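> Structure provided below as structure tokens; questions to follow.
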Amino acid sequence: MSTFATILNTLVVILAVLLIALILVQPSKSGGGFGSAFGGLGESVFGAQAMSHLSKLTVWCISIFFLLTLASAIVAGHMKTADSSVVEESSVVMGASEAEKPAAEAAAEAAKPAETAVAAEEKTASETQN
């Protein structure tokens, strides 16, 4: 399964670079941009209908890019175990006793102010009796 995910991710990266090149070669509607910087490369190589062909190729590449990205996300989701949750995975990584330690420490911290208040009241009560 990991090999399939690697192949999908590699195809997504290659297609992303191809899309960047395709979009930069196309002239903008205003006539400026990188498309004109390449000297009309798209028009001279592909003929008079170059922009419609480049636009169609861009749409096809974007569609394939989205499908590959979706497939990559699905494969990555299935690579995780379906039965475990994030909480269960963290308790497995930390160990059950270590996962319970922070809760026990928090309960002890919460009990300290109450113990201090009781001790202070007892001290003042004993001083008033003397």
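Since every read-out is calculated from the coordinates, none of them should be taken as a lab result. Just so we're clear, the structure is a prediction, and the values are computed from it rather than from any experiment. Note that each Cβ is placed from the backbone with ideal geometry, even for glycine, and that neighbours are counted across all protein chains shown.
> Fully extended, how many nm does the chain gain between Leu11 and Glu122 (0.36 nm per residue separation, minus their Cα-Cα distance)? Mind dumping the intermediate values first?
Numbers: separation 111, 0.36 × 111 = 39.96 nm, distance 7.38 nm.
My answer for the length gained is 32.6 nm.
> Each residue of the range 19-27 in order: what ³J(HN,Hα) in whole Hz does its phi give by Karplus 6.51 cos²θ - 1.76 cosθ + 1.60, θ = phi - 60°, with x for Gly and Pro?
5, 4, 5, 4, 6, 6, 6, 6, x
> Shifting gears a bit: Fewest to most neighbouring Cβ within 10 Å: what's the order for Phe65, Phe4? Spell out each step's value before the answer.
Working: Phe65 17, Phe4 12.
Fewest-to-most ranking of Phe65, Phe4: Phe4, Phe65.
> Right, next: From the backbone phi of the range 60-77, what are the Karplus-calculated ³J(HN,Hα) couplings (6.51 cos²θ - 1.76 cosθ + 1.60, θ = phi - 60°) in whole Hz, Gly and Pro given as x?
5, 5, 5, 4, 5, 4, 5, 5, 5, 5, 5, 4, 5, 5, 5, 5, 5, x
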